[in-house]
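This report refers to the structure that appears directly beneath it.
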Amino acid sequence: MKSFIYLFIFFVLASTSSFSQSFYKQPIHRTNTSGTSSGYVNPNTNYNSGYQKSNGTVVQPHYKTQQNQTNLDNYSTQGNVNPYTLENGTKAKDYSIDASNYGSGKTIQTGERGGQYYINNNGNKVYVPKR
């Protein structure tokens, strides 16, 4: 009888471990902190390994969506949730009212590929949503 109990316990532990491993490999639907579903996020992602900028700032490894012509499907855009960090996006959506106020008081410049940006107080480019 003892061997049956040990065998049963072993089977339960083994099957639980297998289940949890397969379960956590599945994509998980995320919601933002308000409990509502996130907007559409670009499924094409790139892994960026960490690096150190010339000014000494360390950038941690991270995932980001592949570039396209809009920020509506980026992890960092309002209404979207980064599935890796569960952080809510904070940047204004392209063509939104908030985009018109982005970089207020700064000179907005246009890059060679059409992106708009301003130079912040640290001398860095800050890209703005399309207006």
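Evaluating 6.51 cos²θ - 1.76 cosθ + 1.60 at θ = phi - 60° for every residue in segment 91-101, the Karplus couplings come out as 7, 5, 6, 3, 6, 8, 4, 4, 5, 5, 8 Hz, glycine and proline recorded as x. Residues T70, T110, ranked from the fewest to the most other C-beta atoms within 10 Å, line up as T110, T70. Given +1 at the Cβ of Lys and Arg, -1 at the Cβ of Asp and Glu and no other charges, the dipole of segment 37-127 around its Cα centre is 220 debye to the nearest 20. Along the axis of the charge dipole computed for segment 37-127 (Cβ charges of +1 for Lys and Arg, -1 for Asp and Glu, origin at the Cα centre), the listed residues G89, N120, Q67 are led at the positive end by N120. Summarising the amide proton neighbourhood of Y63: residues at separation of 5 or more, or on other chains, whose placed amide H is nearer than 5 Å comprise N48.
Note that segment 37-127 shows a convex hull volume over its alpha carbon atoms of 124 Å³ per residue. In order along segment 81-89, the phi-based Karplus estimate (6.51 cos²θ - 1.76 cosθ + 1.60, θ = phi - 60°) of 3J(HN,Hα) comes to 10, 6, x, 8, 10, 6, 8, 6, x Hz; Gly and Pro are listed as x.
Values in this text are rule-based calculations from the coordinates and carry no lab data. Not measured: the values here are computed from a predicted model. All Cβ positions, glycine included, derive from the backbone under ideal geometry; neighbour counts span all protein chains shown.
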